[in-house]
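The values are calculated or read from the model by the stated rules, or taken from the named source; none is laboratory data. Values in this document were obtained by computation on a predicted structure and should not be read as measured data. Here Cβ is always computed from backbone atoms with ideal geometry, including for glycine, and neighbour counts include all displayed protein chains.
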Amino acid sequence: PSDAECALAKSGSVLVGMLNPFDAAGLQRVAAAGLTGFALEAAPRTTRAQSMDVLSSQANIAGYKAVMIAADKYQRFFPMLMTAAGTVKAARVVILGVGVAGLQAIATAKRLGAVIEASDVRPSVKEQIESLGGKFIDVPYETQEEKDAAEGVGGYARPMPASWLTRQQAEVAKRVALADVVISTALIPGRAAPTLITEDMVKSMKPGSVIVDIAAGKGPDGVGGNCPLSEADKTVVKHGVTIVGETNLAALVAADASALYARNVLDFLKLVLTKEGTLKIDLEDDIVAACRVTQDGQVTKK
């Protein structure tokens with residue numbers, strides 16, 4: 001919430017929502033207003049917390065919408081078509097980053113008949129990619145440090161060593177040059193989005209190709225995203241390639257996004273409300289404790 005919105009809130013109230021636990025200034029505002037804040041993005045990645053995982057519910061929608069936008073911008077068919085007037089080849093789609101958004105993007109592109117390749121730092125996603133009909137872009141690990149970083153923490157990716165990133169970039173560059181559509185979804189909580197599609201890679205793509213950068217606006221210093229040429233909330237054409245930088249894809253599927261988000265909030269409220277409807281904040285509950293970011297005028301999560 002903005003300064004004006006915080007000023008309207010009653011001290012002692014409880015605020016539940018997507019408060020961005022990495023936004024120190026924003027949390028300080030919430031704390032100064034005397035609000036007890038719960039950031040749903042901070043919920044642990046456990047089975048019990050799944051129903052209130054706002055990142056997953058909204059990223060799922062973003063992955064779907066990214067493919068639909070790409071299909072709209074790409075001026076050819078996605079599926080292979082054999083007609084009396086000739087055969088049209090299937091579109092080649094490359095997905096970079098295979099979290100919730102990436103997996104939904106693979107599934108959606110597959111339904112539309114595209115040929116799909118996908119890349120991620122975590123080797124564990126290979127089976128998931130293949131189960132959805134995609135092909136995993138494999139980059140072997142040469143050191144224990146690379147393997148450990150690839151496993152991630154709590155379901156989130158970790159920054160990879162430079163040695164592996166160099167090899168991955170070379171492998172991905174080959175696939176991107178042949179791709180008709182590239183959808184990048186790579187985000188690391190609390191850090192700038194990693195650069196996956198360099199300007200040279202964009203130059204290597206065929207004219208008329210499409211990039212949908214889900215990380216737009218989250219690059220270093222808030223510029224670019226997974227591609228440094230993407231611009232937040234704009235669709236631009238660079239080197240003959242259309243680059244879509246929508247920053248709130250879930251809002252473009254507003255009815256379903258709102259319904260799923262409302263369910264996330266409701267399931268969290270069940271943990272902090274009694275059957276009589278009174279507030280009971282139980283910090284012994286691991287989900288409640290993890291989501292609490294402000295209380296009693298203090299920021300509790302650093």
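Which condition breaks for Gln128 when tested against (1) modelled with pLDDT of 95 or more; (2) surrounded by fewer than 19 Cβ atoms within 10 Å (Cβ to Cβ); (3) not in a helix (DSSP H, G or I)?
Here Gln128 clears every test but (3).
Can you confirm whether the range 149-164 contains a residue that is surrounded by 13 or more Cβ atoms within 10 Å (Cβ to Cβ), basic (Lys, Arg), in contact with a Ser or Thr (Cβ under 9 Å, 6 or more places away or on another chain) and in a loop (DSSP other than H, G, I, E, B)?
No, the conditions are met nowhere in the range 149-164.
Has the range 208-216 got at least one residue that is of a type in the set (Asp, Glu) and more than 21 Å from the chain's Cα centre (by Cα)?
To start, the set of residues in the range 208-216 that are of a type in the set (Asp, Glu) comprises 213.
Cutting the leftovers down to more than 21 Å from the chain's Cα centre (by Cα) gives us none.
No, the range 208-216 has no match at all.
Looking at the range 22-40, which of the residues that are of a type outside the set (A, V, I, L, M, F, W, C) and in a loop (DSSP other than H, G, I, E, B) is farthest from Leu279 (Cα to Cα)? Can you show your working first?
Residues of the range 22-40 of a type outside the set (A, V, I, L, M, F, W, C): 23, 26, 28-29, 34, 36-37.
If we keep only those that are in a loop (DSSP other than H, G, I, E, B) as well, we get 23, 34.
Details: Asp23: 26, Gly34: 16 Å.
Looking at residues that are of a type outside the set (A, V, I, L, M, F, W, C) and in a loop (DSSP other than H, G, I, E, B), I get Asp23.
For (1) hydroxyl-bearing (Ser, Thr, Tyr); (2) out of contact with any helix residue (DSSP H, G or I) (no Cβ under 6 Å at 6 or more places or on another chain); (3) assigned to a loop (DSSP other than H, G, I, E, B), each residue gets a yes or a no:
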| site | (1), (2), (3) |
| --- | --- |
| Ala250 | no, no, no |
| Ala259 | no, yes, no |
| Lys270 | no, yes, no |
| Ile281 | no, no, yes |
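Criterion first (touching a Leu at 6+ places or on another chain (Cβ under 8 Å), modelled with pLDDT of 95 or more, closer than 25 Å to Lys110 by Cα and not aliphatic (A, V, I, L, M)) does Ser204 satisfy it? Walk me through it before giving the result.
Numbers: touching a Leu at 6+ places or on another chain (Cβ under 8 Å): no; modelled with pLDDT of 95 or more: yes; closer than 25 Å to Lys110 by Cα: yes; not aliphatic (A, V, I, L, M): yes.
Here the answer is no, as Ser204 does not meet what is asked.
Are any residues in the range 178-194 assigned to a helix (DSSP H, G or I) and crowded, with 16+ Cβ neighbours inside 10 Å, and if so, which ones? Break it down stepwise before answering.
Narrowing the range 178-194 to residues assigned to a helix (DSSP H, G or I): 178.
The answer is none; no residue qualifies.
Any residue in the range 41-64 that's part of a helix (DSSP H, G or I): show its pairings with residues that are among the aromatic types (Phe, Trp, Tyr) at Cβ separation under 6 Å, as long as the two are six or more apart or on different chains.
Listed pairs, sorted by first residue: Met52/Phe268.
Identify all residues within the range 131-148 that are crowded, with 18+ Cβ neighbours inside 10 Å and either among the hydroxyl-bearing types (Ser, Thr, Tyr) or free of Cβ contacts under 8 Å to residues at least 24 places away in the same chain (or both); write none if there are none.
Across the range 131-148, the qualifying residues are Tyr141, Glu146.
Looking at Leu19 and the list (1) more than 19 Å from Asp296 (Cα to Cα); (2) part of a loop (DSSP other than H, G, I, E, B), which single condition is not satisfied?
The one condition Leu19 does not meet is (1).
Does any residue of the range 223-246 turn out to be within 21 Å of Gly63 (Cα to Cα) and either modelled with pLDDT under 90 or assigned to a helix (DSSP H, G or I) (or both)? Talk me through it step by step, then tell me what you get.
Taking the range 223-246 and keeping what is within 21 Å of Gly63 (Cα to Cα), we get 224-236, 241-246.
Add one more test, that the residue is either modelled with pLDDT under 90 or assigned to a helix (DSSP H, G or I) (or both), and what stays is none.
So far as the range 223-246 goes, no, none of its residues is within 21 Å of Gly63 (Cα to Cα) and either modelled with pLDDT under 90 or assigned to a helix (DSSP H, G or I) (or both).
Can you tell me which of Ala39, Ala24, Ala33 is in the same structural domain as Asp267 (by TED's automatic domain parsing) and farther than 13 Å from Lys301 by Cα?
Details: Ala39 fails: farther than 13 Å from Lys301 by Cα; Ala24 fails: farther than 13 Å from Lys301 by Cα.
Answer to the check: Ala33.
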